[in-house]
Structures are given as structure tokens and as C-alpha cells.
1. I need the semi-axes of the equivalent ellipsoid of segment 23-74: take the C-alpha gyration tensor, multiply each eigenvalue by 5, square-root it, list largest first in whole angstrom.
2. If you average 1/r over all unlike Cα pairs in segment 80-207 and invert the result, what Kirkwood radius do you get in angstrom?
3. Using a cut-off of 10 Å between beta-carbons, work out the net charge of the residues near Glu247 (Lys and Arg +1, Asp and Glu -1, Glu247 not included).
4. Taking N as the number of residues in segment 160-220, what is its alpha-carbon radius of gyration divided by 2.2 N^0.38 Å?
5. Rounded to two decimals, what is Rg over Rh for segment 347-460 when you use alpha-carbon atoms and the Kirkwood radius?
6. Have a look at segment 77-135 and give its Rg and Dmax from the Cα atoms, expressed in angstrom.
7. Explain nothing, just compute: Karplus ³J(HN,Hα) = 6.51 cos²θ - 1.76 cosθ + 1.60, θ = phi - 60°, for every residue of segment 214-222 in order, whole Hz, x for Gly and Pro.
8. By what distance, in whole Å, do the Cα atoms of segment 353-400 stretch along each of the three principal axes, largest value first?
Amino acid sequence: MRIRIKQALNSSGPQDDVLVKGWVRTKRQSKGFCFLEINDGSCIKNLQIIVDEGVPGYDNIDSINTGASVSICGHLVSSPGKGQAWEVKAIEVRLIGAADPETYPLQKKRHSDEFLRSIAHLRPRTNKYGAMNRIRSEMSFAVHKYFHDLGFNCIHTPILTGSDCEGAGEMFLVTALDLDKLCVEGKKVNFEQDFFGKRAHLTVSGQLNAENLACALGDVYTFGPTFRAENSNTPKHVAEFWMIEPEMAFADLADNMDLAQDMVKTMIAHVRQECPEDMELFARFVDKELESRLDNIIDNEFVRLLYTDAISILQKSGQKFEFPVEYGRDLQTEHERYLCEKYFKTPVILYNYPKEIKPFYMRVNDDGATVAAMDVLVPGVGELIGGSQREERLDFLESRIAESGLELDDYWWYIDLRRFGTVPHSGFGLGFERLLMLTTGVSNIRDVILFPRTPNALEF
Ligand code: 4AD
Ligand code: MG
């Protein structure tokens, strides 16, 4: 029976006739026998195989090189070598797929992140990207477990949409029209002839739909892909990313902050608990301060700070920032990072932003000038979460939509929620890739997602 290398390495005793399959990481040939290190992706560790001359399949050994896939039948025996408890003494070795050692791009040396991005189809076979993808998987499971345990309903919101949730216009247009025929200068495209009879986009957030469900099921969350056509080539922006969006009925901004803090702590603790070997790689080779930073996040309350107080801290900081700091402007990554890395040295929940810089759906505070918005800022990344208490009052919402230059008609169903049994409700969006950056210390978002989509990059 085939066993995974993870199972083999955790075996409680020797085993006869195990079958393991994987890719060769290294090969060392000696007189009369050969050592193979193979990895099957089940864990970071390799399994050592000893193939003696004369074992069936040994005549093929010259073709079994780094990168090749193999199938090994043998006995799992305790290993005299250092660093591993078990190894396999092969009784048969079979080459499944060869890899030309001259052209296989993954060599034994360490490769740069930039180079590995150019071979993103093969980088999951390295220790680092293998670990990253296992952590990503575990983190994804942790998200569902977390909300399931709290009694939230998982909902699936549409990816194709006719409304702009963030009102920022950074949306990808989706069309079934033949653009080659349409691009006649000076002529307006008639979207009534398009698939949906109107303009359609890829969603920037599932929030508006999630609010609908929250106003029926109470507590819900969605975890899906979202798209932003922002032309920002930064280490923390991609055009396609995954967002987790909880939405709670009968909840205000303070409840929202409590959930955000608890969720971030629980996610990180879960991955540390379940993926110790993979996490160790990041702590050793990627970010020496990772352990202490994560301890700090888990052990301490996040700071809750008014937007106005943040502005005055930044203005008094004496720091030279590239972008100006003044009331009424949004914070830039450099400001966010100053607050949580230098000033507070812990995650910060910034709240009550001026309404002019936030979307229409956020609840206007009694001062009339600010909205009940909150952003969670974390060290190394900046903004991890954006959320708010939603505007539940019909008249306020209608005037905010109009003020934002959006069409009331496009949001009739959203507005209806305020007409029939409206309730205070709150939610947020957490960028899954940014959570992975925080958890692993990886500083470029392109290295926590399988095939990053960024401006001018749609390979793979
Ligand atoms: O702050 P944002 O834009 O909030 C919303 O979309 C709300 N509708 C969510 C809600 O309340 N349900 O985005 C939420 C998070 C950000 O804090 C950030 O972590 C991530 O999504 N994000 C991105 N991640 C990677 N690349 C991008 N281009 C991102 N834009 C936002
Ligand atoms: Mg935001």
C-alpha cells in the first residue's frame, strides 16, 4: 500500500513492503549502491532511500535524477543517519517520469524569490514554497473551522456583479461582446446587447450580498476570490486575491473589532500549532523576528485608536514620510507601518475615519463627519483588515449613495434591507494573502499566492 512520506517518517516501528512515490530531491551515487532523497509534498522532510545494485530497476538509475518522479517499494527501517528516524531500503525502484538534469531549473543551491517567481509552476517543489502552500491550506481550513465553531454560516456570494461595492471603480469589466468589432472610436458601447443586458464586473468584495444574508441568517461569512484593477505594483497588492468577509447582524463596531482581533489571533495560533515544521523554515530563513512578533500578536490586545489621534501621532512623530499626513487623507502603508511597528509595536485598530475617504455603506457617526470604519494594521504588512458598522438607516444610506455618485437604482435590493426590518450590522474583509504574509514573515505578496496576478503579469 502506498504511504505518504509524512506517515512513513512518523511511523511507530519498522514496516515491510511499503510503497512510496515522490520526486527526487537529491541523488548520491556510491560504489554498489545509491542514496535518493525523495519528497512527495506531504511534509517538508525528505525520505531517504537506499537502492542497492541488483535491486530491480537499478539498471535505470542513471536516468533517476533530481526532479524525476519515482515509485519505490521497500522496507521501512530505522536509520543510522543523523536527522531522520526512518529510511527505506528499496526492494524495487521504478522511474515514473524522467527530468533532464541539464535543463531542470531547480538546483540544489538556494534560488532567489525573483527567479522562483519566473518558474512559479515548479516552485512548490522547493522547501519554502512547499511549506507556504501547506500553511495556506491549513490556514484556509482554520478559517472555516473558526467560523463554524462560532456558529457562522458559510455563504457563497457571486463573483460576477453589476454593482461597485467599494465605489472606487477599480473593477474588471466582464463582457461577452466581441471587442474587436466594438472598438470604433467615438462610438459608445451598448451594454444592453451584452450578456447581462448591462455592464458586468468581477466583484471587488462579497460584502453587499453578505449583508443580505446576515439580515436573514444572523452571522455569516464568505471566503472567496476578489478582484481589483488597481494599477499598483507594490509588495502587498495583487489583482486577484482571496478575502474572508464575516458579517454579523445585531452587531456594532466594537463587536466587529472584537471578532477581528480574536480571528487573527486564532488563525495564527492554529497554524503554529498544526504546521510547526513548515513554520520553522520561515522563522529560521525568512524572518528572524517572526516568533517574537507572533507571540506578541497572540499575547496582547490590539491597540484601538481613533483616526484623529493617529493623525496627530503621525504629525508629531518627526518622521520623514513620502506622503503627507493630514486630516481627511487616507493613510499610506508607510504611515500604517510606523504606527504598528515603531510607535505601538503591536497591531492597531484604527477607527472612525472621515466619511469622505470611505465608501457609502459605512455608518455615519453622530458627529456627522466621520463613519464607523475600522482598519486593522499589522507589523510588516500595514492594512490587513478593512471593515465597518454598516449604515442601517434608510435616509442616511440613500443620501450617501447619491453623494458618492452612484445610482440608487443599482442598489435597490441593498436599500430594501433598510426598508424591511433593518438592524444594526457590521462586518469586515480580511485579505487572506496578507494574513499569510503576517504569519510567515514573507514580505512580498507574490510569494504567498500560487500564481500572482499583477499588472502586466498573467503567466501560468
Ligand atoms: O479594505 P477593503 O477594500 O474592504 C472591503 O472590500 C470591504 N467591502 C470588506 C468588508 O467589509 N466586507 O479590503 C479588505 C482587505 C484589505 O484590508 C486587504 O487586506 C485586502 O482586502 N486587500 C487586498 N489584498 C491584496 N491585494 C489587493 N489589491 C487588496 N486590496 C484589498
Ligand atoms: Mg481598505
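1. On the way: eigenvalues 68, 21, 21 Å².
For segment 23-74, the semi-axes come out at 18, 10, 10 Å.
2. Numbers: mean 1/r = 0.0471 Å⁻¹.
Computed over segment 80-207, the radius equals 21.2 Å.
3. Working: positive: Arg390; negative: Glu211, Asp219, Glu245.
Value of the local net charge: -2.
4. Values: Rg = 15.2 Å, N = 61, 2.2 N^0.38 = 10.5 Å.
Normalised Rg, Cα atoms only: 1.45.
5. Details: Rg = 17.5 Å, Rh = 16.2 Å.
With Rh from the inverse mean 1/r over Cα pairs, Rg/Rh is 1.08.
6. Calculated on Cα positions, Rg and Dmax stand at 15.3, 41 Å.
7. In residue order, the calculated couplings are 4, 7, 9, 9, x, 10, 9, 8, 10 Hz.
8. Result for segment 353-400: principal-axis Cα extents of 40, 16, 14 Å.
All of the numbers you see were taken from the coordinates with simple rules; none came from a lab. These figures come from a predicted structure and were not determined experimentally. Here Cβ is always computed from backbone atoms with ideal geometry, including for glycine, and neighbour counts include all displayed protein chains.
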